[in-house]
Amino acid sequence: MKAADYVRPDRVLDTFLELVKMDSPSGQEAAIGQHLLAQFRQLGCSVDRDAAGNVFARLSGTGDETILLSSHMDTVGSDTGIKPVVRDGVVYSQGDTILGADDKSGIAVILEALRLLQEHPDWEHPPLEIVLSVSEEKGLLGAKQVDMSQLQADWGVILDAGGPIGSLTYSAPSQTFVDITVHGKKAHAGSSPEKGINAIRVAAEAITAMPLGRIDEETTANIGIIEGGEATNIVPDRVSMQGEARSRNEAKLAAQLQAMTAALETAAAEHGTTVDIELRPAFSSYLITPDQRPYMAASGAIQSLGLTFAPQMGGGGSDGNIYNAAGIPCVPLSTGMADVHTKDEHIAVQDMVDCARVIITLLTETF
Ligand SMILES: [Zn+2]
């Protein structure tokens, strides 16, 4: 029998259901972190938690490559009291909350792999480093606080993606937030509008002139929030807007941010006013090529199990962006999570099982 054949679907499901029932919206991961520290300790790991609340577990092994396994403990939004229901082999919430398969499916997969290793001490495997982050959904805040000098991993996999099992995200874009304040000048809209500068008009002209949406196959941009104005009879003196730009190409990202900035400054200048623009880098892009270890190992494990290997480019960010930027090449793999960040979120038990089969294969065979 292959190592993958020892994965226990009942145990994967039980672990997942237990985790889903533990409340852990971003910022409230202390209890689940405590629970997981105890679990990892029982599984033979040395454990640690940093000031941010990120959980670390290390399992010794053989060979000179340490492998990172990563998931996040927080769930998106503020939903608590999640009650999972299983219908036809698929786990859903009761319909009034998210499920939290993002990313508790990843944690359940990691725990199953560690249990198998504990039950089969004769299986050789490399040293493992597990990092479970906090506040991933708040902009990778937990991973950003990890002391990278403490990590020993040579490469890794991020269990935090959707799609068919076998999907591997080999590249992801850089993202920069754009915080904008358009200044105008207040005046009475009825008696002396010519004394005012309408910040809403300036903002509108800037947005109209700005390239937004899908800029090219590597680049996107959006203005997502706009606020301003007080009353119909006041010429508004202030509009705040928040947007973002993403690209897998750093030069294109810089050009897009420049175009957004130029549109704002031109519109402001035409009305004799000013605009404040703050560009806040959220995370950096990465590209993992087929000759790099995480790609080779994951694609090898996936294909050895007869699953369809599906390399894809990502449009979002994950903790993988942070670890890649820190010099640990890693790729997000699908756990089967679907419709995440909605009340329809669900996951097939078989997908989690297949993901666990991929991981235990990756850890116990060489590709
Ligand atoms: Zn996630």
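The values are calculated or read from the model by the stated rules, or taken from the named source; none is laboratory data. Just so it is clear, the structure is predicted and the values come from calculations on it, not from any experiment. Cβ atoms come from the backbone with ideal geometry, glycine included; neighbour counts cover every protein chain shown.
Would it be correct to say that Gly213 is without any contact (Cβ under 8 Å) to a residue 12 or more places away in the chain and surrounded by fewer than 15 Cβ atoms within 10 Å (Cβ to Cβ)? Give the derivation first.
Numbers: without any contact (Cβ under 8 Å) to a residue 12 or more places away in the chain: yes; surrounded by fewer than 15 Cβ atoms within 10 Å (Cβ to Cβ): yes.
Yes.
Could you please let me know if Lys186 is in contact with an Asp or Glu (Cβ under 8 Å, 6 or more places away or on another chain) and at pLDDT below 95? Outline the logic, then answer.
On the way: in contact with an Asp or Glu (Cβ under 8 Å, 6 or more places away or on another chain): yes; at pLDDT below 95: no.
Spelling it out, it is not the case that Lys186 is in contact with an Asp or Glu (Cβ under 8 Å, 6 or more places away or on another chain) and at pLDDT below 95.
Under 8 Å between Cβ atoms, which residue pairs at least 6 apart in sequence (or on different chains) link something in segment 298-319 that is within 23 Å of Val353 (Cα to Cα) and of a type in the set (Phe, Trp, Tyr) with a partner that is within 16 Å of the ligand (Cβ to nearest atom) and at pLDDT 95 or above?
Phe309/Leu168
I need the full set of residues from segment 203-235 which are touching a Gly at 6+ places or on another chain (Cβ under 9 Å) and polar (S, T, N, Q), in order please.
Within segment 203-235, Thr220, Asn222, Asn233 qualify.
Name the single residue that is surrounded by the fewest Cβ atoms within 10 Å (Cβ to Cβ) among those in segment 86-108 being within 16 Å of the ligand (Cβ to nearest atom) and charged (D, E, K, R).
Across segment 86-108, the extreme among qualifying residues is Asp102.
If you go through segment 1-33 one residue at a time, how many are under 25 Å from the mean Cα position of the chain (by Cα), surrounded by fewer than 18 Cβ atoms within 10 Å (Cβ to Cβ) and among the charged types (D, E, K, R)?
So the answer is 4.
Looking for whichever is touching a Cys at 6+ places or on another chain (Cβ under 9 Å), touching a residue at least 12 places away in the same chain (Cβ under 8 Å) and at negative phi here; the options are Ala161, Ala57, Ala143. Which one fits? Steps first, please.
Details: Ala161 fails: touching a Cys at 6+ places or on another chain (Cβ under 9 Å); Ala143 fails: touching a Cys at 6+ places or on another chain (Cβ under 9 Å).
Just one listed residue meets the conditions, Ala57.
I'd like the residue in segment 34-67 that is surrounded by 20 or more Cβ atoms within 10 Å (Cβ to Cβ) and of a type in the set (Gly, Ala, Ser) and, out of all such residues, is farthest from Ser135 (Cα to Cα).
So, considering only residues that are surrounded by 20 or more Cβ atoms within 10 Å (Cβ to Cβ) and of a type in the set (Gly, Ala, Ser), the one farthest from Ser135 (Cα to Cα) is Ala57.
Taking segment 146-203, which residues are under 19 Å from the mean Cα position of the chain (by Cα), more than 16 Å from the ligand (Cβ to nearest atom) and of a type in the set (Gly, Ala, Ser)?
Result: Gly166, Ser171, Ser174.
Just to be sure I understand, how many residues within segment 118-172 are buried (at least 21 other Cβ atoms within 10 Å of the Cβ) and either farther than 26 Å from Asp50 by Cβ or of a type in the set (Ser, Thr, Tyr) (or both)?
Count: 7.
With respect to Ala113, is the statement that it is under 18 Å from Thr335 (Cβ atoms), assigned by TED's automatic domain parsing to the domain that holds Pro164 and either exposed (fewer than 15 other Cβ atoms within 10 Å of the Cβ) or away from the ligand (no atom under 16 Å from the Cβ) (or both) true?
In short, yes.
Report, by residue number, each residue of segment 301-346 that is within 12 Å of the ligand (Cβ to nearest atom) and β-branched (Val, Ile, Thr).
Thr335, Val340
The rows are residues; the columns are (1) over 23 Å from Asp354 (Cα atoms); (2) in contact with a Ser or Thr (Cβ under 6 Å, 6 or more places away or on another chain).
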| position | (1), (2) |
| --- | --- |
| Met1 | no, no |
| Lys21 | no, no |
| Ala38 | yes, no |
| Gly44 | yes, no |
| Asp50 | yes, no |
| Asn54 | yes, yes |
| Ser71 | no, no |
| Lys83 | yes, no |
